[in-house]
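In what follows, a single structure is set out as structure tokens and then discussed.
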Amino acid sequence: MLNKITSIVIAIVGIAMLYMGTQLLLIGGTPFYALMGLGLLVTAITLFMNKKIALSLYAILMWIVLAWMIYEVGFDKWQWIPRGDIIGVFGLWLALPWVVRPLYKNEGRRFHPFLGTTVILIVALVVGMMFYDPLPQAGNITNQRQSGDTEVAGSDWTAYGGTTNGLRFSS
């Protein structure tokens, strides 16, 4: 039952991605989203039919998305988020034991080797990317610091902290 609901959710996302990807393609954009929508639909259909191949198909989709992200934006982690977030969340969900177990009824398997390894490697890559900055920016402040008057307000409060500098709690 859980796999049926999961497949319906993936199918809804696949239909939306196929529709919007087709719209993008018609105005001269990338065909990636339309193809990814088709891949999601095929995965959803095979998962709905309780076929084991659904997990392998999804793992292949995850590798395609990873390769496309690296091709399009390099290793800029912030630009990876809109391109791979939903694919990664679905992949993590599909790799969990309560999704894998019903597909392997007789074998009792709780781990799909290809999808599970794919998810583990991509999670490790994303965690590693947290420590890498493709566009390092050295911060240098060249402006002279202006000291504020400490007795500006006196008995008249014209601004919070006594000045319009916004330096109420700064030293």
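The values are calculated or read from the model by the stated rules, or taken from the named source; none is laboratory data. Quantities reported herein were computed from a predicted structural model and do not represent experimental measurements. Note: ideal-geometry Cβ built from the backbone for every residue, glycine included; neighbour counts use all protein chains shown. Accessible surface is based on the protein model in full, side chains and every heavy atom, while ligands, DNA and RNA are left aside. Shrake-Rupley method; radii C 1.70, N 1.55, O 1.52, S 1.80 Å.
Assorted remarks:
- Candidates Asn50, Asn140, Asn106: whichever shows maximal mean-square fluctuation once the chain is modelled as a Gaussian network with Cα springs under 10 Å: Asn140
- Gaussian network model of the chain, Cα within-10 Å springs - most flexible of Leu57, Leu135, Leu115: Leu135
- Solvent-accessible area, 1.4 Å probe, carbon plus sulfur percent, for the range 6-75: 80
- Its DSSP H runs of at least 4 residues, each contributing -39,500 (n - 2.57), put the calculated 222 nm mean residue ellipticity of the chain at -20000 deg cm²/dmol, to the nearest 500.
- Shape class for the range 26-94, computed from the alpha carbon gyration tensor (a ≥ b ≥ c): oblate, with a/c not under 1.5 and a/b at or below b/c.
- Computed extension length for Val9-Ile27: 3.7 nm, one decimal, from 0.36 nm per residue of separation with the Cα-Cα distance subtracted.
- Cα shape, the range 1-43, gyration tensor, a/c 1.5 rule: prolate
- Computing Rg and the Kirkwood Rh from the Cα coordinates of the range 1-128 gives a ratio, Rg/Rh, of 0.99.
- Of Gly21, Met69, Ala11, farthest towards positive along the dipole that unit charges on Lys, Arg, Asp, Glu beta carbons give the range 1-127: Ala11
- FRET efficiency, Met129 to Ile45 (Cβ-Cβ, R0 35 Å, nearest 0.05): 0.60
- Surface accessible to a 1.4 Å probe, per residue, for the residues of the range 1-144, Å²: 62
- In the elastic network of the chain, a GNM with C-alpha springs shorter than 10 Å, the most mobile of Lys105, Lys77, Lys52 is Lys105.
- Phe114-Asn143 FRET efficiency (beta carbon distance; Förster radius 35 Å; 0.05 resolution): 0.05
- Two-site FRET efficiency, Asn106 against Ala67, from Cβ-Cβ distance with R₀ of 30 Å, rounded to 0.05: 0.30
- Nearest 10 degrees, 0 to 90: helix 53-73 Cα axis against the chain principal axis: 40
- Charge dipole (the chain, unit charges on Cβ, about Cα centre) - positive-most of Thr43, Gln144, Tyr104: Tyr104
- Rel. contact order, % - alpha carbon contacts under 8 angstrom, at least six apart, the chain: 16
- In degrees, nearest ten, helix 77-94 long axis to first principal axis of the chain (Cα): 40
- Nearest-ten-degree value, helix 113-129 long axis tilted from longest Cα axis of the chain: 10
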